[in-house]
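First the structure, then my questions, so here it is.
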Amino acid sequence: MTLLLDVDRALLDKDAGVLAELRPYLLRHNLAPDDDELLCRFDEEEAKARSGRPLPYRKVLRQTMRGFGFVYQFPHTDVEIRALEQSVARWPIYPEVPDALRRLKAAHRLIALTSLDIDLFAPLAVRLGDPFAAVVTPADAGAYPPSIRYIKTVIDRAGEGATLVAGSRYELLAPARTAGLAAILVERTPLDAEGLPPIFADQTFPDLFTLCDYLGA
């Protein structure tokens, strides 16, 4: 089986990585929004930077940092603007992931799906044990997820019978289901989706070890 792994959300704790960089950045400007506000603002600014003509993710993160300065009305240095992109290599990996990937690689073909530029992804791939047969980035598709164009590129690369392993309901799972892909959701913290349209995976697991057990890996 070919497994399409959502690197940014199923393997990496992206939120923790973003918070670790943004908290001290904002504290230097005497600002201390709570984590929910900070992540919500990050998601909004990142989405703005990813809309329209696709930029390299490195530039998306720079635009995101500039957005924080605009929203909270403070000037920032070039070093601060580049700080978030430089933190990507340090983003935390969920504890069970390296061992789980070794188990999955022994029985399945693994393809990495990521919004990162390939040069930003490379050091993370090493930390993950470099188990991937291929990687699909927005540069390959000319679009960021949740664009259906990105998912169609993934399907073209993966071939028939691939299964998505998503780490969030909307960025990859929603367009994958629209395209008819089989999908598994690794949902570490159940989402309060009240008021949002339901998006169902074929199976939902709390972590990758549970997925390994289910697949007999």
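The values are calculated or read from the model by the stated rules, or taken from the named source; none is laboratory data. Keep in mind that this is a model prediction, so the values were computed, not measured. In this analysis, Cβ positions are derived from the backbone assuming ideal geometry, glycine residues included, and neighbour counts consider all displayed protein chains.
Taking PRO146 and the conditions (1) out of contact with any strand residue (DSSP E or B) (no Cβ under 6 Å at 6 or more places or on another chain); (2) farther than 22 Å from LEU61 by Cβ; (3) in a loop (DSSP other than H, G, I, E, B), which numbered condition does it fall short on, given that it satisfies the others?
For PRO146, the exception is condition (2).
Conditions (1) modelled with pLDDT of 95 or more; (2) surrounded by 20 or more Cβ atoms within 10 Å (Cβ to Cβ); (3) of a type in the set (S, T, N, Q); (4) in a loop (DSSP other than H, G, I, E, B), marked per residue:
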| residue | (1), (2), (3), (4) |
| --- | --- |
| PHE68 | no, yes, no, no |
| VAL71 | no, no, no, no |
| HIS76 | no, no, no, yes |
| GLN86 | no, no, yes, no |
| ALA100 | yes, yes, no, no |
| ALA106 | yes, no, no, no |
| PHE121 | yes, yes, no, no |
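Also: So, in the range 108-119, how many residues would count as being touching a strand residue (DSSP E or B) at 6+ places or on another chain (Cβ under 7 Å) and in a loop (DSSP other than H, G, I, E, B)?
2
May I ask you to verify whether PRO131 is modelled with pLDDT under 95, assigned by TED's automatic domain parsing to the domain that holds LEU208 and in a loop (DSSP other than H, G, I, E, B)?
no
Residue check, ILE93 against (1) closer than 30 Å to ILE155 by Cα; (2) in contact with a Phe, Trp or Tyr (Cβ under 8 Å, 6 or more places away or on another chain); (3) of a type in the set (A, V, I, L, M, F, W, C), all met but one. Which one?
(2)
Suppose we keep only residues that are hydrophobic (A, V, I, L, M, F, W, C) and surrounded by 15 or more Cβ atoms within 10 Å (Cβ to Cβ) within the range 108-119. Which one would you say is nearest to ARG50 (Cα to Cα)?
LEU116
Ok, one more. Only one of (1) polar (S, T, N, Q); (2) in a loop (DSSP other than H, G, I, E, B); (3) at pLDDT 95 or above is not met by THR210, so which one is it?
(2)
While we're on this one: Of all residues being crowded, with 21+ Cβ neighbours inside 10 Å and touching a residue at least 40 places away in the same chain (Cβ under 8 Å) in the range 138-154, which is farthest from LEU173 (Cα to Cα)? Just the residue, please.
PRO138
Still on this structure, please answer the following. Condition first: in contact with a helix residue (DSSP H, G or I) (Cβ under 6 Å, 6 or more places away or on another chain) and more than 21 Å from ALA49 (Cβ to Cβ). Now tell me which residues in the range 135-165 satisfy that.
Scanning the range 135-165 gives LEU164, VAL165.
In addition: Out of everything in the range 10-59 that is in contact with a strand residue (DSSP E or B) (Cβ under 8 Å, 6 or more places away or on another chain) and assigned to a helix (DSSP H, G or I), what residue ends up being nearest to PRO146 (Cα to Cα)?
ALA10
A follow-up question, please. Just to check your reading of the model, which residue among PHE205, PHE209 is over 20 Å from LEU61 (Cα atoms), more than 18 Å from the chain's Cα centre (by Cα), of a type outside the set (D, E, K, R) and surrounded by 15 or more Cβ atoms within 10 Å (Cβ to Cβ)?
It is PHE209.
Is it true that some residue in the range 102-113 is farther than 25 Å from LEU215 by Cα and touching an Asp or Glu at 6+ places or on another chain (Cβ under 8 Å)?
no
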